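Okay, so here's the structure we're looking at.
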Amino acid sequence: MDLGIRGKRALVCASSKGLGRGSAKALAEAGVDLVLNARGAEALEATAQAIRDRYNVQVTAVAADITDPDGRARVLDAAGDLDILVTNAGGPPPGVWSDWGREDFLAAIEANMLTPIALMSAVMPGMAERGWGRVVNITSQSVKAPIAALGLSNSARAGLTGYVAGTARQVAPSGVIVNNLLPGAHDTDRIEALDSAAAQKQGKTRDEIRAAKFQTIPARRYGTAAEFGAMCAFLCSQHAGYIVGQNILLDGGGINATL
Ligand SMILES: NC(=O)c1ccc[n+]([C@@H]2O[C@H](COP(=O)([O-])OP(=O)(O)OC[C@H]3O[C@@H](n4cnc5c(N)ncnc54)[C@H](OP(=O)(O)O)[C@@H]3O)[C@@H](O)[C@H]2O)c1
């Protein structure tokens with residue numbers, strides 16, 4: 001399928017690895033020029049070069065912490081006028097409810113709620129003026145069903161989801177389409193870290209933890225960054241103009257719900 005976005009310009013945040021990189025690759029395959037971002041310059045440049053070599057699109061890499069106002073400003077300056085924005089950042093650390101104090105919540109809200117809101121606030125006026133835009137926020141399945149150990153994520157992402165629900169309907173008349181993409185378990189460094197932490201805590205091997213988790217997922221496996229990226233690129237495509245303010249769950253059937 002031709003996604004109809006060849007020659008558009010996208011910022012994909014937190015994209016040197018994992019779901020951000022999967023999304024960047026899928027957009028590049030559709031012919032989209034990219035601005036990529038992550039904190040670590042080495043992995044970021046490696047991803048940028050691999051995408052340039054394979055897809056023949058323009059790729060600008062900006063090493064910066066997207067949750068930091070100065071870092072974000074540098075990324076946005078380099079990005080210029082954007083057609084597509086994919087927001088993403090690292091997820092908060094796991095724990096239990098009694099671990100978390102005000103500072104932990106403020107950090108999670110800053111990273112996973114206020115950062116995507118700041119990015120949307122910065123780029124959506126230009127998109128609206130030009131009459132076309134696509135925004136995909138990478139959130140989490142924890143928005144639909146809480147993950148107890150990720151209470152910081154459950155809380156901050158719920159706030160972002162509420163913001164998007166109202167805002168998506170305000171900008172849609174200007175051709176700006178905003179949706180959230182909710183990953184269930186995907187095989188990335190993030191899930192590797194969570195599995196290793198769980199293994200240590202429970203006195204099991206990482207493979208035992210994974211095997212037990214696969215049994216809870218009807219697809220009996222984790223998702224891949226490529227599958228995730230393909231859905232992200234579709235939501236950024238010409239074909240997605242009637243999908244407004246939705247929360248699209250990619251979880252292998254893990255959440256047992258009719259809707
Ligand atoms: N994978 C899953 O199963 C899953 C499930 C639900 C939700 N999620 C959420 O989806 C998001 C992406 O997860 P992932 O699995 O792709 O993680 P990942 O494999 O650990 O990759 C994270 C990427 O984000 C970059 N990054 C992290 N913090 C950043 C920051 N402050 N500023 C700029 N770049 C930053 C990392 O590079 P640097 O470290 O160099 O900055 C890296 O490129 C996370 O918020 C995660 O909580 C993931």
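The values are calculated or read from the model by the stated rules, or taken from the named source; none is laboratory data. All values reported here derive from a predicted model rather than from experimental measurement. Every residue, glycine as well, gets a Cβ built from its backbone with ideal geometry; the counts of neighbours run over all protein chains shown. Accessible surface is based on the protein model in full, side chains and every heavy atom, while ligands, DNA and RNA are left aside. Shrake-Rupley method; radii C 1.70, N 1.55, O 1.52, S 1.80 Å.
Here are a few things to note about the model shown:
- Cβ pairs under 7 Å, 6+ apart, first in the range 44-55 and in contact (Cβ under 8 Å) with a residue 12 or more places away in the chain, second assigned to a helix (DSSP H, G or I) and buried (at least 16 other Cβ atoms within 10 Å of the Cβ): THR47/ARG21; ILE51/ALA24; ILE51/LYS25; ILE51/ALA28; TYR55/ALA28; TYR55/GLU29
- Residue within the range 21-33 that is over 20 Å from ASN137 (Cβ atoms), part of a strand (DSSP E or B) and acidic (Asp, Glu) present: yes
- Flag: ILE84 matches the condition of being within 20 Å of PHE234 (Cα to Cα) and either open to solvent by less than 60 Å² (accessible area, probe 1.4 Å) or out of contact with any helix residue (DSSP H, G or I) (no Cβ under 8 Å at 6 or more places or on another chain) (or both).
- Of all residues in the range 1-21, those satisfying the criterion of being open to solvent by less than 10 Å² (accessible area, probe 1.4 Å) and within 13 Å of the ligand (Cβ to nearest atom) are LEU11, VAL12, CYS13, SER15, GLY20.
- Selection within the range 28-45: residues that are open to solvent by less than 10 Å² (accessible area, probe 1.4 Å) and under 14 Å from LEU85 (Cα atoms). The member of this set that is nearest to the ligand (Cβ to nearest atom) is ASN37.
- Only a single item in (1) buried (at least 17 other Cβ atoms within 10 Å of the Cβ); (2) in a helix (DSSP H, G or I); (3) more than 16 Å from the ligand (Cβ to nearest atom) is not met by GLY126, and it is number (1).
- Number of residues in the range 173-187 that are over 26 Å from GLY91 (Cβ atoms) and open to solvent by 30 Å² or more (accessible area, probe 1.4 Å): the value is 2.
- So THR47, is it among the β-branched types (Val, Ile, Thr), at pLDDT 95 or above, over 15 Å from the mean Cα position of the chain (by Cα) and closer than 18 Å to ARG190 by Cα: yes
- Top-ranked residue of the range 87-110 - restricted to ones that are part of a helix (DSSP H, G or I) and touching a Ser or Thr at 6+ places or on another chain (Cβ under 7 Å), ranked as least open to solvent (accessible area, probe 1.4 Å): ALA108
- Selection status of ALA10, part of a strand (DSSP E or B) and either in contact with a Cys (Cβ under 8 Å, 6 or more places away or on another chain) or of a type in the set (D, E, K, R) (or both): yes
- Which listed residue, of ALA89, ALA78, is modelled with pLDDT of 95 or more, more than 22 Å from PHE228 (Cβ to Cβ) and either out of contact with any Leu (no Cβ under 7 Å at 6 or more places or on another chain) or not polar (S, T, N, Q) (or both): ALA78
- Residue match in the range 55-74 (condition: among the charged types (D, E, K, R), in a helix (DSSP H, G or I), surrounded by fewer than 19 Cβ atoms within 10 Å (Cβ to Cβ) and more than 9 Å from the ligand (Cβ to nearest atom)): yes
- Residues that are touching a His at 6+ places or on another chain (Cβ under 8 Å) and among the β-branched types (Val, Ile, Thr) do occur in the range 220-229.
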